[in-house]
Amino acid sequence: MSTASPLAVSLESIASCFEGIIPASICTCSADGRPNLTNLSIVCCVDSRHVGLSYQFFNKTRKNIAQNPFVQVVVVSPANMRQYRLDLRYERTETEGSLFEAMKTRLDAVASQTGMSHVFKLRGVDIFEVQDCRPINAEIGGDALPGTDFLPKIEEFTARLEACSELESVIDVSLDALSALFGYEHSFLMVPDENGNRLFTLGSHGFGESGIGSEAWMGEGILGIAAERREVVRTTNFSRDVLYSNTIRSTVQRRGEDSLLEREIALPGLPEIQSQLVVPLVNQHRLLGILCLQCATVGRFLSDDERVGRIAARQMAASMALLERAESAEPEEIPRRPYTVQPTAVSTVRHYTADDSIFIDDAYLIKGIAGRIFWKLVQSYVQGGRVDFTNKEIRLDASLQLPDFKDNLEARLILLRRRLQDHCDFVSLIQVGRGQFRLDVQHQLKLEERS
Amino acid sequence: MCMASEHPLSISDELKTFLEGPASVLAGTRDSRLMPEITRAWGPRVSEDRQHISLCVPLATSRKMIDNLDGNGEIAVTFSLPTNYRTFQLKGRNATIAEPDSTDLAAVGRHRDAFASVNESLGQSRERVEAFWQAEVETSPVLVKILFVPEEIFDQTPGPGAGREI
């Protein structure tokens with residue numbers, strides 16, 4: 001390590017240059033004095049005197065670094081388009097550890113999304129000491145950008161969340177507050193299914209189609225990789241061509257499950273995602289879901305936004321975990337109201353036992369556990385006229401074969417309620433008290449069971 | 001003027017069109033300690049005989065580069081198209097410095113305009129792209145011309161095959 005003088009421009013003051021929004025360039029020089037210039041895929045800021053460069057291919061740049069540790073990198077600020085020269089000296093290559101894993105996750109997520117996994121393999125992160133950092137026109141200053149004071153907003157966010165006593169309000173209040181306080185206008189929240197194989201969307205904010213009930217495979221694409229590895233994935237200049245819903249659909253097609261497409265709900269998503277931040281919701285090492293923020297502007301989510309996302313996600317996960325424990329408390333008994341009105345319109349509810357999917361008048365509603373619960377409710381309604389139910393009786397109902405997962409029932413009921421809201425105007429599920437809900441049906445229902 | 005190269009290459013029509021198009025152009029040089037220096041260049045031109053390349057660089061950003069070229073003449077220049085990252089790198093050993101004439105300055109104007117247009121098509125406003133080079137000439141509008149004879153040309157389009165010599 002050298003005892004170098006302070007940098008002309010501190011790395012912290014040009015943090016947005018390390019977001020990968022505008023490509024950086026690197027110039028190396030061979031031992032026999034031939035310069036070599038190329039584009040760089042990732043330059044990250046390691047600390048105030050070090051940067052990390054992705055090492056993906058063994059190329060001329062790598063050969064030159066082995067011969068001569070001095071390199072220069074030019075980065076560009078996406079905020080004001082100023083260019084900065086960084087004089088670097090190669091120190092070491094990391095092939096494991098948190099820095100390597102974070103960069104690998106970022107590359108893998110984008111590679112998985114674009115079907116380029118075999119091409120974009122991260123071999124290592126080359127760590128360089130920064131010997132100087134200065135504007136490309138050395139005669140002008142570095143003009144750092146003013147930072148945003150996030151503290152009061154974070155305090156307000158936690159205050160709003162603290163007042164939530166149900167899972168549904170945790171989701172809605174969080175997504176609303178992320179928009180109102182931080183300007184993250186487009187967001188959605190997904191939770192894992194009972195097997196941990198898939199994630200499904202339980203809440204969304206700021207999209208034309210809510211996407212409630214849409215799914216993603218664990219370990220696939222940006223959402224699935226963030227969830228599986230429990231790592232934040234931030235993409236700041238995402239390929240214009242990639243849409244998440246399309247990827248899900250093509251994955252289904254690739255697997256030869258075209259017939260399932262009818263039962264696939266498109267993920268919430270902007271038509272042109274340019275920036276995305278996916279943060280896992282983890283509490284005591286357990287994955288409770290993922291939070292996804294999207295924006296149509298390039299470079300919307302910077303490192304401070306990532307910190308805000310992490311804090312918000314931890315708070316949300318903690319609230320969700322607390323409510324899970326509270327939910328097992330006994331609900332008060334409510335009088336059961338028999339249904340009296342005999343509606344005239346008739347609708348058919350069809351249940352496919354193979355995947356518990358439900359179709360109402362040939363329109364897909366839901367599948368899986370939520371479908372099984374819905375089938376049970378409408379059976380009780382049609383056969384016995386019941387409209388009032390408690391979470392507890394559903395949970396204890398052996399015929400439903402619910403997984404041994406406390407959080408899942410509440411999540412499934414929210415999912416079911418929201419899918420009905422979005423897609424059926426004559427059946428609704430109304431929360432009538434803590435741990436209790438009512439099935440409100442305006443049509444006569446005809447039930448059909450198929451394999 | 002450029003010294004004659006021992007291995008002159010002839011630049012094809014297709015490559016000439018690419019090099020004189022809206023690409024992002026960066027030049028790399030090095031000092032006597034083999035410390036590299038990157039400078040953004042404007043208005044690249046391929047000579048009539050297809051063997052020489054000229055570029056302009058702002059004096060304010062190229063003082064070190066000029067010293068480097070005075071010392072050793074080694075240069076590498078990349079041309080990268082912002083729309084698809086198609087990239088070529090040209091290397092020469094005998095780069096020299098001259099004063100740009102009106103043809104060179106006109107080429108700089110055309111290049112900046114084309115560069116702004118192609119970035120506009122990617123969603124970058126013209127104002128932002130103009131800010132890109134304005135800081136380079138904020139303290140001095142003077143441009144310097146660099147001339148060299150490419151001895152090696154590489155297809156540097158990113159990916160595992162990058163670096164293939166043409």
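Data for the structure
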| quantity | calculated |
| --- | --- |
| Residue list for segment A:216-245, filter: at pLDDT 75 or above, open to solvent by less than 30 Å² (accessible area, probe 1.4 Å) and of a type in the set (A, V, I, L, M) | A:216, A:222, A:223, A:225, A:226, A:227, A:232, A:233 |
| Flag for residue A:409 being within 25 Å of residue A:266 (Cα to Cα), open to solvent by less than 20 Å² (accessible area, probe 1.4 Å), at pLDDT below 90 and assigned to a helix (DSSP H, G or I) | yes |
| Residue tally, condition touching a residue at least 24 places away in the same chain (Cβ under 8 Å) and open to solvent by less than 10 Å² (accessible area, probe 1.4 Å), over segment A:26-35 | 5 |
| Unique residue being surrounded by 21 or more Cβ atoms within 10 Å (Cβ to Cβ), under 23 Å from residue B:78 (Cα atoms) and within 13 Å of chain B (Cβ to nearest Cβ) when the list is A:58, A:70 | A:70 |
| Of all residues in segment B:29-43 being free of Cβ contacts under 8 Å to residues at least 60 places away in the same chain and hydroxyl-bearing (Ser, Thr, Tyr), the one that is surrounded by the fewest Cβ atoms within 10 Å (Cβ to Cβ) | B:32 |
| Residue within segment B:118-127 that is of a type in the set (Val, Ile, Thr), more than 8 Å from chain A (Cβ to nearest Cβ) and touching a residue at least 12 places away in the same chain (Cβ under 8 Å) present | yes |
| Among (1) facing chain A (nearest Cβ under 8 Å); (2) surrounded by 24 or more Cβ atoms within 10 Å (Cβ to Cβ); (3) modelled with pLDDT of 95 or more - the single one residue B:61 does not satisfy | (3) |
| Test for residue B:46: is it touching a Leu at 6+ places or on another chain (Cβ under 7 Å), surrounded by 15 or more Cβ atoms within 10 Å (Cβ to Cβ), more than 14 Å from chain A (Cβ to nearest Cβ) and over 29 Å from residue A:133 (Cα atoms) | yes |
| Matching residues, segment B:22-38, being at the interface with another protein chain (Cβ under 7 Å from one of its Cβ atoms) and among the hydrophobic types (A, V, I, L, M, F, W, C) | B:26, B:34, B:35, B:38 |
| Neighbours by Cβ (under 9 Å, 6+ apart or cross-chain): first from segment A:191-205, closer than 14 Å to residue A:367 by Cβ and open to solvent by 40 Å² or more (accessible area, probe 1.4 Å); second outside any loop (DSSP other than H, G, I, E, B) and among the β-branched types (Val, Ile, Thr) | A:194/A:369 |
| Test: residue in segment B:146-162 that is open to solvent by 60 Å² or more (accessible area, probe 1.4 Å), more than 30 Å from residue B:32 (Cα to Cα) and among the small types (Gly, Ala, Ser) | no |
| Failed condition for residue B:111, given (1) open to solvent by less than 20 Å² (accessible area, probe 1.4 Å); (2) modelled with pLDDT under 95; (3) away from chain A (no Cβ under 14 Å); (4) more than 25 Å from residue B:164 (Cα to Cα) | (2) |
| Filter result for residue A:412 (closer than 21 Å to residue A:211 by Cα and touching a Leu at 6+ places or on another chain (Cβ under 9 Å)) | yes |
| Sole residue being open to solvent by less than 50 Å² (accessible area, probe 1.4 Å) and in contact with a Leu (Cβ under 9 Å, 6 or more places away or on another chain), chosen from B:141, B:100 | B:100 |
| Selection count, segment B:69-99, where residues are over 20 Å from residue B:11 (Cβ atoms), under 15 Å from the mean Cα position of the chain (by Cα) and more than 10 Å from chain A (Cβ to nearest Cβ) | 2 |
| Residue that is surrounded by the fewest Cβ atoms within 10 Å (Cβ to Cβ) [pool: residues in segment A:3-25 that are of a type outside the set (A, V, I, L, M) and away from every other protein chain (no Cβ under 14 Å)] | A:3 |
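The values are calculated or read from the model by the stated rules, or taken from the named source; none is laboratory data. Keep in mind that this is a model prediction, so the values were computed, not measured. Positions of Cβ are generated from backbone atoms using ideal geometry, with glycine treated the same way; all protein chains shown enter the neighbour counts. Accessible surface areas use protein heavy atoms only, side chains included; no ligands, DNA or RNA. Shrake-Rupley method; radii C 1.70, N 1.55, O 1.52, S 1.80 Å.
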